[in-house]
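The next block holds one structure in the form of structure tokens; read it before the comments.
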Amino acid sequence: VDRETCAGLDRQDPLGGFRSEFTLPEDLVYLDGNSLGPLPKATLPRLTELISHEWGEGLIRSWNAAHWIEAPQRIGDKIAKLIGAGPGQVIVADSTSVSLFKLLAGALRIQPGRHFILTESENFPSDIYIARGLTQMTDGTHALRVVPRAELEAAIDGSVAVLLLTHVDYATGEIHDMRRLSDLARRHGTLALWDLSHSAGAVPVALNADDVDLAVGCGYKYLNGGPGAPAYLYISRALQSAMQSPLSGWMGHADPFAFDREYAPAEGIRAQLTGTPPILSVAALEVAVDLWLRVDQAEVRRKSVALGDLFIRLVDDTCAGLGLTVASPRDGRLRGSQVSIRHGQAYRVMRALIDRGVIGDFRTPDLMRFGLAALYTRYTDIYDAVDALRDVLIQSAWQRPEYASRMTVT
Ligand SMILES: Cc1ncc(COP(=O)(O)O)c(C=O)c1O
């Protein structure tokens with residue numbers, strides 16, 4: 001594959017027009033949209049308007065007049081369309097970690113007599129920390145069972161309250177079969193809770209069709225909601241009325257402004273709110289989600305697989321003997337929207353790549369992650385990225401001493 005072939009693919013790309021809707025320097029190859037999505041151009045004028053008019057002039061009146069108060073549900077309903085859910089099943093709230101805590105705690109409460117949360121050792125560490133932290137609050141009645149991925153299915157039994165999994169593995173991009181595992185869990189009376197952080201905007205998700213119980217996801221990766229964008233959570237219709245939030249704050253009260261002394265949960269998904277939503281961040285997320293609602297998701301998946309296949313093929317063809325191993329599934333059907341590559345000096349190689357204008361990230365101990373967000377990544381970006389990778393390795397450019405020490409965020 002040569003660069004001209006890639007340029008031809010870019011010219012024919014049905015999603016090609018979306019790149020111009022993002023602020024992306026022309027000479028940068030940005031392959032880290034799986035960590036922080038780029039800035040949609042429409043975000044800046046929207047936030048400027050919100051800050052100057054709605055906040056600056058409208059002040060407290062804007063909670064009603066500018067519909068700030070409904071924003072978490074309104075945007076939740078929009079995100080629902082991206083993940084195969086319906087109105088009233090999704091709400092925007094907190095961070096992914098906090099949303100996960102809320103749903104896990106709520107799920108344990110409706111699974112009496114079941115003592116385990118089951119997860120896999122490869123799960124995103126924050127999800128494991130949250131689950132363990134929660135069980136440590138239960139006075140020994142609950143525990144976390146962490147097993148290797150290959151042993152997951154055999155470990156699902158009648159003692160498991162919740163199966164907690166990340167749909168697309170953050171490190172390798174490997175996709176779990178959400179439908180099959182949710183069904184298996186259900187046959188044992190276990191609730192399945194899915195982390196969609198690397199799924200929404202990356203791979204197809206059909207929560208209702210796949211009969212998914214519970215899910216959480218992140219707003220700042222493929223969705224492009226901005227650094228620290230709020231997360232979202234989903235509850236199936238069957239569980240809506242049973243699920244109580246452990247963080248029963250006033251925004252989840254049936255009537256927050258009645259200032260009742262007793263807590264009475266709101267109907268439906270709004271009961272999962274805790275405190276006042278961060279309106280600036282919520283508004284930035286809405287701009288990005290509105291952009292997503294114009295996108296053909298099937299086309300996103302098709303292109304993302306093609307970008308991944310191209311990346312792997314170029315590594316195979318041009319980087320043989322340079323110490324690289326493909327850590328992501330080679331079969332595009334099993335791979336999310338990223339390609340991860342192992343190398344003994346992965347951190348330093350990634351630093352050298354970033355200095356050459358190819359941005360991916362590093363995950364310990366030896367992974368370089370390249371996010372292939374189909375909305376704005378070009379086939380030529382993939383060509384240029386692998387070309388730079390090859391060059392960094394051939395020139396040993398990663399050996400510069402300043403790459404030896406780790407920065408706080410990798
Ligand atoms: C799979 C997964 N879950 C959870 C999180 C944490 O999200 P938050 O920082 O919103 O709590 C991340 C962040 O990268 C993630 O990749």
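Counting only residues that are in contact with a Ser or Thr (Cβ under 7 Å, 6 or more places away or on another chain) and of a type in the set (D, E, K, R), which one in the stretch 355-400 is surrounded by the most Cβ atoms within 10 Å (Cβ to Cβ)?
369
Among the candidates 317, 366, 309, 331, which residue alone is at pLDDT 95 or above and touching a strand residue (DSSP E or B) at 6+ places or on another chain (Cβ under 8 Å)? Walk me through it before giving the result.
Numbers: 317 fails: touching a strand residue (DSSP E or B) at 6+ places or on another chain (Cβ under 8 Å); 309 fails: touching a strand residue (DSSP E or B) at 6+ places or on another chain (Cβ under 8 Å); 331 fails: touching a strand residue (DSSP E or B) at 6+ places or on another chain (Cβ under 8 Å).
Only one candidate passes the filter, namely 366.
Here is a list: 169, 177, 183. Which entry is crowded, with 23+ Cβ neighbours inside 10 Å, modelled with pLDDT of 95 or more and of a type in the set (D, E, K, R)?
Numbers: 177 fails: crowded, with 23+ Cβ neighbours inside 10 Å; 183 fails: crowded, with 23+ Cβ neighbours inside 10 Å.
On inspection, the qualifying residue turns out to be 169.
Taking residue 110 and the conditions (1) touching a strand residue (DSSP E or B) at 6+ places or on another chain (Cβ under 6 Å); (2) surrounded by fewer than 17 Cβ atoms within 10 Å (Cβ to Cβ), which numbered condition does it fall short on, given that it satisfies the others?
Unmet condition: (1).
Identify, please: which residue in the stretch 70-97 is aliphatic (A, V, I, L, M) and under 24 Å from residue 131 (Cβ atoms) and is, among those, farthest from the ligand (Cβ to nearest atom)? Walk me through how you get there before you give the answer.
Within the stretch 70-97, the subset aliphatic (A, V, I, L, M) is 71, 75, 79-80, 82-83, 85, 90-93.
Remaining after also requiring under 24 Å from residue 131 (Cβ atoms): 79, 83, 85, 90-93.
Numbers: 79: 14, 83: 15, 85: 18, 90: 16, 91: 15, 92: 12, 93: 11 Å.
Only one residue fits best here, namely 85.
Quick check on my filter: what residues within the stretch 3-36 are under 21 Å from residue 297 (Cα atoms) and part of a helix (DSSP H, G or I)?
Matches in the stretch 3-36: 9, 10, 11, 12, 16, 17, 18, 19, 20, 21.
Take the residues of the stretch 156-181 that are farther than 24 Å from residue 97 by Cα and among the small types (Gly, Ala, Ser): which is nearest to the ligand (Cβ to nearest atom)?
Narrowing the stretch 156-181 to residues farther than 24 Å from residue 97 by Cα: 157-159, 180.
Checking the rest, the ones that are also among the small types (Gly, Ala, Ser) come to 158-159.
Values: 158: 28, 159: 25 Å.
Among them, the one singled out is 159.
More than 16 Å from residue 110 (Cα to Cα), within 25 Å of the chain's Cα centre (by Cα) and without any contact (Cβ under 8 Å) to a residue 24 or more places away in the chain: which single residue out of 228, 252 fits that description?
Details: 228 fails: without any contact (Cβ under 8 Å) to a residue 24 or more places away in the chain.
One residue alone meets the criteria, 252.
Are there strands (runs of 3 or more DSSP E) fully within the stretch 304-401 with at least 2 residues that are farther than 26 Å from residue 220 by Cα? List them.
Numbers: elements: 338-342, 361-363, 367-371.
Ranges flagged: none.
Surrounded by 15 or more Cβ atoms within 10 Å (Cβ to Cβ) and not in a loop (DSSP other than H, G, I, E, B), is that true of residue 223?
Working: surrounded by 15 or more Cβ atoms within 10 Å (Cβ to Cβ): yes; not in a loop (DSSP other than H, G, I, E, B): no.
For residue 223, the condition - surrounded by 15 or more Cβ atoms within 10 Å (Cβ to Cβ) and not in a loop (DSSP other than H, G, I, E, B) - is not met.
Quick test for you: out of 212, 216, pick the one residue that is crowded, with 24+ Cβ neighbours inside 10 Å, more than 14 Å from the ligand (Cβ to nearest atom), within 20 Å of residue 76 (Cβ to Cβ) and modelled with pLDDT of 95 or more. If you could, list the steps in order and put the result at the bottom.
Working: 216 fails: more than 14 Å from the ligand (Cβ to nearest atom).
Result: 212 is the single residue among 212, 216 that is crowded, with 24+ Cβ neighbours inside 10 Å, more than 14 Å from the ligand (Cβ to nearest atom), within 20 Å of residue 76 (Cβ to Cβ) and modelled with pLDDT of 95 or more.
Pick out the one residue from 235, 279 that is more than 16 Å from the ligand (Cβ to nearest atom), of a type in the set (Val, Ile, Thr) and over 30 Å from residue 137 (Cβ atoms).
Working: 235 fails: over 30 Å from residue 137 (Cβ atoms).
279 is the lone residue from the list that is more than 16 Å from the ligand (Cβ to nearest atom), of a type in the set (Val, Ile, Thr) and over 30 Å from residue 137 (Cβ atoms).
Among what's in the stretch 115-143 and is away from the ligand (no atom under 16 Å from the Cβ) and closer than 26 Å to residue 95 by Cβ, pick the residue that is surrounded by the most Cβ atoms within 10 Å (Cβ to Cβ). Please lay out each step first, then the result.
Our first condition is that a residue be away from the ligand (no atom under 16 Å from the Cβ); within the stretch 115-143, this holds for 115-116, 118, 135-143.
Now drop any that are not closer than 26 Å to residue 95 by Cβ, which leaves 116, 118, 135-138, 142-143.
Details: 116: 21, 118: 23, 135: 20, 136: 12, 137: 10, 138: 12, 142: 20, 143: 15.
Step by step, filter the stretch 115-143, then rank; the result is 118.
Look through 68, 63 and report the one residue that is assigned to a helix (DSSP H, G or I) and at pLDDT 95 or above. Working first, answer last.
Values: 68 fails: assigned to a helix (DSSP H, G or I).
Of the residues listed, the single one that is assigned to a helix (DSSP H, G or I) and at pLDDT 95 or above is 63.
Scan the stretch 182-208 residue by residue and report those that are away from the ligand (no atom under 16 Å from the Cβ) and either over 20 Å from residue 134 (Cα atoms) or in a helix (DSSP H, G or I) (or both). Please lay out each step first, then the result.
Kept after step one, since they are away from the ligand (no atom under 16 Å from the Cβ), are these residues of the stretch 182-208: 182-191, 204, 206-208.
Residues satisfying the conditions are 182, 183, 184, 185, 186, 187, 188, 189, 204, 206, 207, 208.
In the list 100, 152, which residue meets the criterion of being in a helix (DSSP H, G or I), within 15 Å of the ligand (Cβ to nearest atom), among the aliphatic types (A, V, I, L, M) and in contact with an Asp or Glu (Cβ under 9 Å, 6 or more places away or on another chain)? Full working, then the answer.
Details: 152 fails: within 15 Å of the ligand (Cβ to nearest atom).
Of 100, 152, the one residue that is in a helix (DSSP H, G or I), within 15 Å of the ligand (Cβ to nearest atom), among the aliphatic types (A, V, I, L, M) and in contact with an Asp or Glu (Cβ under 9 Å, 6 or more places away or on another chain) is 100.
The values are calculated or read from the model by the stated rules, or taken from the named source; none is laboratory data. These figures come from a predicted structure and were not determined experimentally. Cβ coordinates were reconstructed from backbone atoms using ideal geometry, including for glycine residues, and neighbour counts include every protein chain displayed.
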